[in-house]
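Okay, structure first, notes after.
Every number here is computed from the coordinates shown, using simple stated rules; none is lab data. Note that this is a predicted model, so its numbers are computed, not measured. Here the Cβ is made from the backbone with ideal geometry for all residues, glycine too, and neighbour counts use every protein chain on show.
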Amino acid sequence: MDSITVRRMPFEFDEDVDPIIVPGNPEQSFAMVAGSLLLPHLEPYLIRSMKAAEQEVDDPALLEDLKRFAAQEGQHYRMHMKWNATVRRAGFPGLAKFEEELAEDYERFSRTKSLRWNLAYAEGFEAFTMSTVKLLMEPNGFGEDLSPFMQMVEWHFVEELEHRNVAFDVYEHVSGGYLYRLLVGIYGQWHFTRWVRRVAKYMVKANEGRAPSRAPKTLVAGATFEMPKVRDILPRLLRIYMPSYTPHEVEVSPGMEVLADKYSAMAVKRS
């Protein structure tokens, strides 16, 4: 999966949804919802950081990858915004405060932190995401008969694997430095995962005693979706903290290429 394909997807979501998207499991549901709520704030920040690096990149191939990275991330957060709107209609008035806080953080990072710092944060996010995606998705994705939400997640995750090298390559090209990347990357991972945990905890509490707006649907027919436990993902995270780490040496299962072709065929054709 060395090519970075920009796809505009046709996903549509019901106006009224039950935010318990994993039936019978509010904790897992709201962790996934919080992750989706994060992205329209985090991904524009990643795009700003990459665009700020453009003038420092003199490798034409890397510059093209950088632009495709930004284009993919732009499609991702806009699609998540569509789905997130359905969650807000289900209630949870406290979400606005959490999102305002996060937006302020990312605006402040762009305004006050160095380009090197912002690129290291971006790589910390991309490395964490790649490790999580491989754990959840490989070898062949989430299965058949997916809900629109899970199709969106699967498409998004496939593209995260496609552009897994870009943030690392841009950081190394513009500034480099293992220890700096490690420390800022770990901070970044703490920063966004802490926000997701706080939001999920708020949603679980706010949901207590609340009647569902719709009967919940399974995410994957005949299967139970489970978020990874810390003990499962920790070995993968340790790999990205090693001095020898490079995403170029990370193997991706052939099934991910099949999914990439699937979503390319589903994408809206440009006129």
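What to note about this one:
- Estimated from the Cβ-Cβ distance and a Förster radius of 30 angstrom, the FRET efficiency linking D14 and A103 is about 0.70.
- Under the Debye formula (equal points on every Cα, no solvent term), log10 I(q)/I(0) of the chain at q = 0.10, 0.11, 0.16 Å⁻¹: -0.50, -0.62, -1.36
- Cleavage-rule hits (GluC sites (Glu not before Pro)) in the stretch 81-185: DSSP loop, at most 14 neighbouring Cβ within 10 angstrom: E144
- Taking 0.36 nm per residue of separation and subtracting the current Cα-Cα distance, fully stretching the chain between D232 and E64 would add 57.0 nm.
- Low-density loop positions, trypsin sites (Lys or Arg not before Pro), the stretch 106-154 - DSSP coil, at most 16 other Cβ in 10 Å: K113
- Computed as a quarter of the hull surface, the mean projected area of the alpha carbon convex hull for the stretch 110-186 stands at 6.1 nm².
- Stretch gain in nm, segment A96-H248, where the contour uses 0.36 nm per residue and the Cα spacing is subtracted: 50.9 nm
- Tilt relative to the chain, helix 26-53 - C-alpha long axis, 0 to 90 degrees, to 10: 30 degrees
- The calculated FRET efficiency for the pair D145 and E27, based on their C-beta separation and a Förster distance of 22 Å, comes to about 0.35.
- For the stretch 11-100: rounded, prolate or oblate by the Cα gyration tensor [a/c cutoff 1.5]: prolate
- Computed from point charges on the beta carbon alone (+1 for Lys and Arg, -1 for Asp and Glu), the dipole magnitude for the chain about its Cα centre is near 880 Debye.
- Against the chain, whose longest principal axis is taken from its Cα atoms, helix 95-112 shows a tilt of about 10°.
- A simple spin-label model places pseudo-atoms 7 Å from Cα toward Cβ; at Y180 and K51 they are separated by 2.4 nm.
- Taking other C-beta atoms within 10 angstrom as a stand-in for reagent exposure, S253, S114, S264 fall in the order S114, S264, S253, fewest first.
- For the pair V258 and K113, label points projected 7 Å from Cα toward Cβ lie 3.9 nm apart.
- Here r is the Cβ-Cβ distance between R198 and V268 and R0 is 22 Å; the resulting FRET efficiency, rounded to 0.05, is 0.05.
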